[in-house]
1. Among the numbered criteria (1) in a helix (DSSP H, G or I); (2) touching a Ser or Thr at 6+ places or on another chain (Cβ under 8 Å), which single criterion is violated by B:MET338?
2. Applying the selection to the stretch B:306-355, what residues are within 11 Å of the chain's Cα centre (by Cα) and within 14 Å of chain A (Cβ to nearest Cβ)?
3. Regarding B:ARG569, is this residue touching a residue at least 60 places away in the same chain (Cβ under 8 Å), of a type in the set (D, E, K, R) and open to solvent by 70 Å² or more (accessible area, probe 1.4 Å)?
4. Give me a count of the residues in the stretch A:55-75 that are over 16 Å from B:HIS225 (Cα atoms), more than 8 Å from chain B (Cβ to nearest Cβ) and open to solvent by less than 10 Å² (accessible area, probe 1.4 Å).
5. Spot the failing condition for B:GLY549; the list is (1) at pLDDT 75 or above; (2) small (Gly, Ala, Ser); (3) at positive phi, and only one is missed.
6. Pull up the stretch A:35-51, narrow it to residues that are assigned to a helix (DSSP H, G or I) and more than 7 Å from every other protein chain (Cβ to nearest Cβ), then point me to the one that is nearest to B:SER68 (Cα to Cα).
7. Of all the residues that make up the stretch B:213-234, how many are of a type in the set (S, T, N, Q) and either within 10 Å of chain A (Cβ to nearest Cβ) or over 17 Å from A:ALA79 (Cβ atoms) (or both)?
Amino acid sequence: MVSHGGVSETSRQSAVRATQRHLTLADIPVGGKVIIESLPDRTAFGRRLMEIGLLPGNEATVMGRAPLRDPIQVCVLGALIAIRRSDALTVHVSPLSNGR
Amino acid sequence: MAAETDIGPLIALAGSPNTGKTTLFNRLTGLSKKVGNFPGVTVARSEGGLRLPDGTSFRLLDLPGAYSLQALSPEERIARQILRGESGEDRPDLVVAVVAATQLSRNLFLVTQLKELGIPVVVALNMADEARSEGLQIRVERLQEELGLPVASCSARTGEGIDELLRLIGDRGRWPRLPDTWQDSEAPERITERYRDIRRIVGRSTAQRHQVPCSTVILDRILTHAVAGPLIFFGVMALVFQSIFTWSGPAMDLITAGFDGLSAAVLTLLGEGSLSDLLASGVIAGVGSVLVFLPQILLLFFFISLLEESGYMARAAYLMDRLMGWVGLSGKSFLPLMSSAACAIPGIMATRTIEDSRDRLATILVAPLITCSARLPVYTLIIHAFIPATPVWGIFDCRGLTLLTLYLGGIASAFTMAFIFKRTFLKSKGTPLLIEMPSYRTPHWRNVGLELWTHGRSFVERAGSIILAICILLWFLGAYPKADPLALRRLPPGERAAAQIEQSLLGGIGRAIEPALRPLGFDWKVGIGVLSSLAAREVFVGTMGVVYGVGKASDENSETLREKFQNARRPDGSKVFTFPVVLALLTFYMLACQCAATLGVVRRETGGWKWPIFLFAYMSALAYAAAFLVRTGATLAGW
């Protein structure tokens, strides 16, 4: 998914760079507003997310997190949807605001 | 009206979940609603008749809710098959697409697919009242123009605009002719394209963008709060169970008194004899002992439909998903398991919303462990007889807390078994979860009432059929062969009935199985109760009434049956119901699968006898082993 910069780069640095490049829905704090960049649209679940409105170019707001931070509640097209953290990790986003 | 449901063109009601589709269906069909299953599969099917003011009749079919015709769940697959005419059922002549005005963009997605099927589509823009109160204005004529479909703005709850919808349905000349351009698989680009169209359509028909109502956002901040949420949830559950216990009291007393009176009236009217005895102790006592807990069933279904209608149930699934994840299930299994607290049968039927077949099977296999309402009369009888009503923290008492413990025990055992099943033969990769959380709303009382009516009726029908049959059979087994009348006369009146039972076929059967139940501390009388409740566990109470010779309608509140329980002695003079035996009995009933109807539903849902047999075997083994351990443990502890 991510091309490594140099041979000397540690895995930790590469992880940091990866998260910088690919901010996911799971990284967004409660109240944060984002634009959906991409999601795994070749999987049935990815398509389902698109069908209910979580598609690239659309706005989404993280509304809350269940106990133990999972699942997360997202507002998209005026509807509240809950998805698991592990699935939210596959949804790449760019932030609009950082929440409260 | 029933005859009218079979004639006329077929209309299919299609829509995404949470569009108020079922409310609209109920509004349009009223009491002509017929429920069943789609042939060959386990998806629930409701059909009803629709009669327009001008006298034309239609058949109305409620399709399962679907986000998309690119099906993920069995429900969505059925919806598509019917709409494509691939299901073996009639292909609909008209589709009424139900769309929530408050969720226009998202709900139009399915409509854009429905337009491609080659069937005329009419749009019901539902929840107009809610949209108005949220300040949403939709220009219906523009929407109609942009969509190229007739649109009626309406509210299934209040009934506004329904006339307009009926007019559109009845005006066959205006049904849009649509070409069949459907393609079975859809590339992601097509989804994006559909939403581009939707954005244009919605943009031209309304100036506002839909927002989550403030009240919902605020309520969610509290009710789904990481700490407060679960606390409130458990508080709600505790209150529900305590109210079921206390509120049902007066109504139950009334029913008991009614059946007692009936029983006494039969005895005075017919005099002493076999027939009056069959009627009084067999039929009236038996059925009465089961019907007496109709108030509890109604209360439980009332609370469950209240939680569902208000939108809180989806929050419960959200809060519980992580917890369910520990045992390998998802939040989607929560609702079926929660419904199983009323009855495992609707619970097992509710597993149809679980996409993953292994998750679904695991949920079906553990749902009967959740304490259902049929266990309540057994629990109530035993708890009232042996657990003191010592107050705890003001609002609770020892009895209520014992009941809560039994409920928690059922939940714990269900989770443990789910964990074991999901780790062994039902292993599956974590399936993605998607829960739509509708806005909070005040419950629609018509829907709540209809729910109570449907479940109350099916419960009474059960009491009138299977339970009645068992009661009559038991009476015969207990009444014959007759004991020597001379020997009976020498006994004090209070012991005559018990002596007769001892002589009878029932007594013989009880004694035959006694060795098997001795490790649990059950004597032959309890053995008969356990045996007779294999078909339906609530029969235990009625059976105990017959076996202990309570000559009138017995129920769990019956003073005499309770006293007989407390004073029951073994031949050696020791008490039958010592504390360890009481605990073992409660444990046994908590875990045993004593419900023929559940096994029947499992057979239907899993398509064979394999799983119901497995279910019965594992639950019986579990109940026996746990009851034995509890009794041994409690005895060793000196309780």
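The values are calculated or read from the model by the stated rules, or taken from the named source; none is laboratory data. Here the structure is a predicted model, which is why all the values come from computation and not from measurement. Every residue, glycine as well, gets a Cβ built from its backbone with ideal geometry; the counts of neighbours run over all protein chains shown. Just the protein is used for accessible areas: all its heavy atoms, side chains included, with ligands, DNA and RNA removed. Shrake-Rupley method; radii C 1.70, N 1.55, O 1.52, S 1.80 Å.
1. In the conditions (1) in a helix (DSSP H, G or I); (2) touching a Ser or Thr at 6+ places or on another chain (Cβ under 8 Å), B:MET338 misses (2) alone.
2. Residue satisfying the conditions is B:LEU335 alone.
3. no
4. Qualifying residue count, the stretch A:55-75: 1.
5. B:GLY549 satisfies every listed condition except (1).
6. Step one: list which residues in the stretch A:35-51 are assigned to a helix (DSSP H, G or I), which gives A:44-51.
If we keep only those that are more than 7 Å from every other protein chain (Cβ to nearest Cβ) as well, we get A:46, A:49.
Working: A:GLY46: 13, A:LEU49: 11 Å.
So, considering only residues that are assigned to a helix (DSSP H, G or I) and more than 7 Å from every other protein chain (Cβ to nearest Cβ), the one nearest to B:SER68 (Cα to Cα) is A:LEU49.
7. Taking the stretch B:213-234 and keeping what is of a type in the set (S, T, N, Q), we get B:215-216, B:224.
Adding the requirement that they be either within 10 Å of chain A (Cβ to nearest Cβ) or over 17 Å from A:ALA79 (Cβ atoms) (or both) leaves B:216, B:224.
The number of residues fulfilling the criteria is 2.
Let's see how each residue does on (1) away from chain A (no Cβ under 14 Å); (2) surrounded by fewer than 22 Cβ atoms within 10 Å (Cβ to Cβ):
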site	(1), (2)
B:THR56	yes, yes
B:LEU63	yes, no
B:ALA66	no, no
B:SER87	yes, yes
B:ARG91	yes, yes
B:LEU94	yes, yes
